[in-house]
1. Please return the ranges of helices (runs of 4 or more DSSP H) entirely within segment 130-245 where 3 or more residues are among the polar types (S, T, N, Q) and modelled with pLDDT under 75.
2. Restricting attention to segment 86-94, does a residue exist that is more than 30 Å from HIS318 (Cα to Cα) and out of contact with any Lys or Arg (no Cβ under 6 Å at 6 or more places or on another chain)?
3. Name the one entry in ILE86, ILE110 that is in a loop (DSSP other than H, G, I, E, B), modelled with pLDDT of 90 or more and surrounded by 14 or more Cβ atoms within 10 Å (Cβ to Cβ).
4. Under 9 Å between Cβ atoms, at least 6 apart or on separate chains: pull out the pairs that start in segment 12-23 with a residue that is within 20 Å of PHE65 (Cα to Cα) and assigned to a loop (DSSP other than H, G, I, E, B) and end on any residue that is at pLDDT below 85 and of a type in the set (Lys, Arg).
5. Under 7 Å between Cβ atoms, at least 6 apart or on separate chains: pull out the pairs that start in segment 106-119 with a residue that is of a type in the set (Val, Ile, Thr) and end on any residue that is open to solvent by 20 Å² or more (accessible area, probe 1.4 Å).
6. What number of residues in segment 27-44 are free of Cβ contacts under 8 Å to residues at least 40 places away in the same chain and open to solvent by 40 Å² or more (accessible area, probe 1.4 Å)?
7. Could you check, for segment 86-95, whether at least one of its residues is more than 19 Å from TYR36 (Cα to Cα) and either of a type outside the set (D, E, K, R) or in contact with a strand residue (DSSP E or B) (Cβ under 8 Å, 6 or more places away or on another chain) (or both)?
8. Return the residues of segment 110-158 that are among the acidic types (Asp, Glu) and touching a Lys or Arg at 6+ places or on another chain (Cβ under 8 Å); say none if nothing qualifies.
Amino acid sequence: MAENEFNYNQFAEDLATQAKELIPPEFQDFQRNYVYNTIKNFSIMSAEAIINDAQLNFTSDQAMFLTQIIAEWSFHKSIDLIRSGILPDYWDAVMKKIAFTIFEIAKQTIAQNVNQDEILKIVEHHVKKSYDSAIEDLRQRNIIDESIMQNALSQSNIDKMMAEIQAEQERQASMDPNGSADGEQVVPSQKSLRLATVALLLKNVEEDKVTTILTKFDDNDANEIREYINTPDLTSKIDLRYSMKYLKEIKLNLPEPKQLSPARVLSRINVLAEKVGKDRLVKMVKEERSTVRDFVKKATLGTVVEMSPKVTTLVLQHLEEKIL
């Protein structure tokens, strides 16, 4: 395949830009940039490797498919890493292991003309396996403790997206039968795209989760989603950029979380304490009011003191901006 048949630089830029709109709003700028750059860089490197491998002789569609897989999993797993509590110094090492695994599995299965849906399932299995292995390796080398390892292993941004889709469907169902607050009927083509996007995300989800989510849809929509799930090579029929546009719309309609969970608070405090040490972290707020000092001190010891969500967020952001 000639390089000019697939403008992979622009394609990678488009994927990364679209994905940036879906990054969790609570992420700091450096975290948002990390997700964006990881998607873009891994997508470009993978596409270049495919184009320069004369023995493979991939078509532009095959190269694009592989690049989309790399981009999608780079998005999900970089978010999982950021939420894990693992220091940023170790993110790249984990992501490189995952990206290499995806590239090799996708390259081999595409070359063998494996069905695209089957490829996605195989890749997902190996992504989870390589991610878990990389996290457990950090624990064995005492880079992270047991609590951070368990937090990291419990992360699944793709499952969180499933929950968001379910919440959005419940929101629409609470309006009118057409899913519009003012009674305006959804344009069929737009609705079909949304249902196909849901199907695309559900393809690799366990059947019991699929069944639970589909109970939130009316029977006709649920049946249409099932049809899409069973459609061969669905990925090649849906542009990932349009899917991300729909997912962004879901996020815009969902309410912001009102407070951080205790586990999330401790995870963020652990990241800061690992970076500068617990004692220094406590000293950094010695001029603050007693409630803030008490909050930070006890958080370094594994206990979360209740404060208002707004104050908690401000304290964490202040410390992160100074340290990270």
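1. Correct list: 157-173, 188-202.
2. The answer is no; no qualifying residue exists.
3. ILE86
4. none
5. THR109/ILE122; ILE110/GLN62
6. Total satisfying the criteria: 6.
7. Checked against the condition, which is being more than 19 Å from TYR36 (Cα to Cα) and either of a type outside the set (D, E, K, R) or in contact with a strand residue (DSSP E or B) (Cβ under 8 Å, 6 or more places away or on another chain) (or both), segment 86-95 yields no hits at all.
8. Across segment 110-158, the qualifying residues are ASP117, ASP145, GLU146.
The values are calculated or read from the model by the stated rules, or taken from the named source; none is laboratory data. Since we're looking at a predicted model, the values are computed, not measured. Cβ sites come from the backbone with ideal geometry, for glycine too, and all protein chains shown count toward neighbours. Just the protein is used for accessible areas: all its heavy atoms, side chains included, with ligands, DNA and RNA removed. Shrake-Rupley method; radii C 1.70, N 1.55, O 1.52, S 1.80 Å.
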